[in-house]
Each structure stands twice: as structure tokens, then as C-alpha cells.
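The values are calculated or read from the model by the stated rules, or taken from the named source; none is laboratory data. Everything quoted here is computed from the prediction, not taken from an experiment. Glycine gets a Cβ as well: all are built from the backbone with ideal geometry, and neighbour counts include every protein chain shown.
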Amino acid sequence: MFNNIKRIKQTPLFLVLICYFAGTGLVYATKGDVFYITGSLVNIRANSTTESAIVARISKGRTVEEITRKSGWVKVKILGTDQQGWVHTALLNYRKPVLTPDEEELISHAPSKIKEPVAKKNVQQKVVKKVGKKVEVKVPVVAVDALEKFSNGFNLFKDKKMADTGSSQFGSVDDKGDGVLHINVTDDWLKTSHQGKKKDLKQIFDMWSSARANQYSAIYLMDRNSSIPVAIYIKDKKGKIHTAVRK
């Protein structure tokens with residue numbers, strides 16, 4: 001009788017666990033299985049606790065391969081890289097998640113998916129035409145540096161953001177050349193509201209576009225732990241705007 005009562009009490013919890021893991025597809029998971037990341041931006045950690053160091057951040061839809069598991073955590077290898085770390089089972093699934101339009105746009109503009117332009121100085125050429133037997137001469141004339149113009153305004157913008165929020169929001173600026181800037185953001189900026197992120201992104205792009213006299217310009221806001229931009233604002237060479245911000 002007591003054994004029957006014990007089984008009845010245990011049954012609901014058992015069924016709940018089966019339903020949960022069956023829904024994620026992890027009930028049959030084994031070493032070498034490949035999963036999709038289901039969270040918007042997921043921390044990959046050094047150990048199987050939420051207090052351990054973050055070794056990488058990966059976006060929804062990225063694939064990982066199981067190495068081992070313990071206590072609701074899975075040690076994975078991020079496919080396409082040499083990085084390994086721990087992620088909670090609740091953020092893994094065999095089924096590919098549905099991406100939002102912004103998420104698809106950000107993934108399509110990941111630096112690993114586009115050809116990086118070669119950095120080059122902003123130099124104009126002054127041509128002296130050939131007169132008689134004289135040879136044509138080209139004299140390099142260094143134009144006003146767009147990055148320097150941008151940096152002056154951006155540093156004021158960063159200082160104001162720090163004064164308003166009490167924390168550093170932006171890190172280093174990396175000029176990739178051909179109008180492309182990568183700007184690192186901090187963990188504190190990632191906690192900003194979605195509307196706040198969009199506002200900051202537009203202000204930064206406007207400063208860069210103005211410094212480049214409204215030529216082709218692109219801003220990539222990057223998280224140092226992820227290869228996928230957290231925000232982009234691009235005016236392509238046809239004048240079309242491409243923008244996306246991760247929530």
C-alpha cells in the first residue's frame with residue numbers, strides 16, 4: 001500500500017520532467033549531438049554555474065556540439081570555432097528556432113560572413129597634366145581625417161552617456177576602412193532598453209555619416225564576447241539604409 005502511495009506521489013513530477021525534456025529534444029541527447037541555441041544572446045561559461053566567467057556569447061540559431069553534461073548543464077563546442085564552454089539545457093534544442101527579421105539581418109552582417117575591406121588612408125590625388133614633353137605628376141594631398149572628426153564628437157557622446165548612466169557604455173573604436181567602423185559596447189550598454197539602443201545607434205551613425213560627408217558609411221556595435229554584431233546601421237553605396245538591433 002505504502003509503495004503504491006509513493007509511486008502516485010512521484011508520478012506527476014516524473015511526467016513533468018519527461019514532458020519538459022521531450023519538448024526540448026534533450027531527453028535522448030548524447031555526446032556528439034548537435035543543438036541549436038534558442039536564446040537571443042546566450043552566455044557560454046567557463047564552468048557549469050551562472051557565476052562562472054563568460055567565455056563567449058552566441059546568438060539564436062547558432063549550432064553547438066555536446067561534449068559532456070552534468071546537473072542541467074551541457075559542455076559544448078561552438079561549431080565553426082575552437083571555443084568550448086558550458087550552457088544550460090534550457091537554451092538548447094534540436095529544432096531550429098524561428099529568427100526575427102533583426103536577428104537575421106545581424107547574422108547576415110557578421111564580420112565572418114563579409115569580406116573585410118583593407119584599411120586605407122583618406123587620400124586625394126592632385127593631378128598635374130602633361131604639358132609638352134613633361135611627365136604627368138601625381139601629388140598626394142591628405143584630406144581631413146573623417147575618423148578624427150568623428151572621434152571628437154563621439155568622445156563627447158561617450159562622456160555624456162557615462163555622466164547620465166554612471167557607467168562606461170562604449171569601448172574601443174576600430175576603423176576597418178572603406179567607411180566601416182566597429183565599436184565595442186560594454187555589458188552595461190547591453191542592459192539598455194531596446195529603444196535606448198536604437199537611439200544611441202542612430203546618433204552614432206549620424207556622427208560618422210556627417211564626418212564622411214554622407215558617403216557610404218557603416219556602424220557595427222560589437223560585443224567583445226560575440227562574433228555577431230549587437231547592432232548595425234549601414235547606408236550602402238546606393239543610399240539604402242540597413243539597420244537592426246538585438247533585443
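Residues of segment 24-33 that are closer than 25 Å to SER226 by Cα and modelled with pLDDT under 50: THR24 alone. Yes or no: THR192 more than 18 Å from TYR233 (Cα to Cα) and among the β-branched types (Val, Ile, Thr)? Considered against the rule, which asks whether it is more than 18 Å from TYR233 (Cα to Cα) and among the β-branched types (Val, Ile, Thr), THR192 comes out as no.
Rundown of residues vs (1) of a type in the set (Asp, Glu); (2) closer than 29 Å to LYS176 by Cβ; (3) at pLDDT 75 or above, yes/no style:
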residue: LEU92; (1), (2), (3): no, no, yes
residue: GLN125; (1), (2), (3): no, yes, no
residue: VAL128; (1), (2), (3): no, no, no
residue: VAL135; (1), (2), (3): no, no, no
residue: LEU147; (1), (2), (3): no, yes, yes
residue: PHE150; (1), (2), (3): no, yes, yes
residue: GLY153; (1), (2), (3): no, yes, yes
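Name the residues in segment 66-82 that are surrounded by fewer than 16 Cβ atoms within 10 Å (Cβ to Cβ) and in contact with a strand residue (DSSP E or B) (Cβ under 7 Å, 6 or more places away or on another chain), would you? Answer for segment 66-82, where residues must be surrounded by fewer than 16 Cβ atoms within 10 Å (Cβ to Cβ) and in contact with a strand residue (DSSP E or B) (Cβ under 7 Å, 6 or more places away or on another chain): ILE67, THR68, GLY72, LEU79.
Each row is one residue, and each column tells you yes or no for (1) part of a strand (DSSP E or B); (2) at pLDDT below 90.
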| residue | (1), (2) |
| --- | --- |
| LEU13 | no, yes |
| ALA22 | no, yes |
| PHE35 | yes, no |
| SER48 | no, no |
| GLU66 | yes, no |
| VAL74 | yes, no |
| LYS77 | yes, no |
| GLY85 | yes, no |
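Exactly one residue out of SER217, SER227, SER209, SER193 is among the hydroxyl-bearing types (Ser, Thr, Tyr) and free of Cβ contacts under 8 Å to residues at least 24 places away in the same chain: that is SER193. Looking at SER210, SER172, SER168, SER193, just one residue is more than 17 Å from SER151 (Cα to Cα) and of a type in the set (S, T, N, Q), and that residue is SER193.
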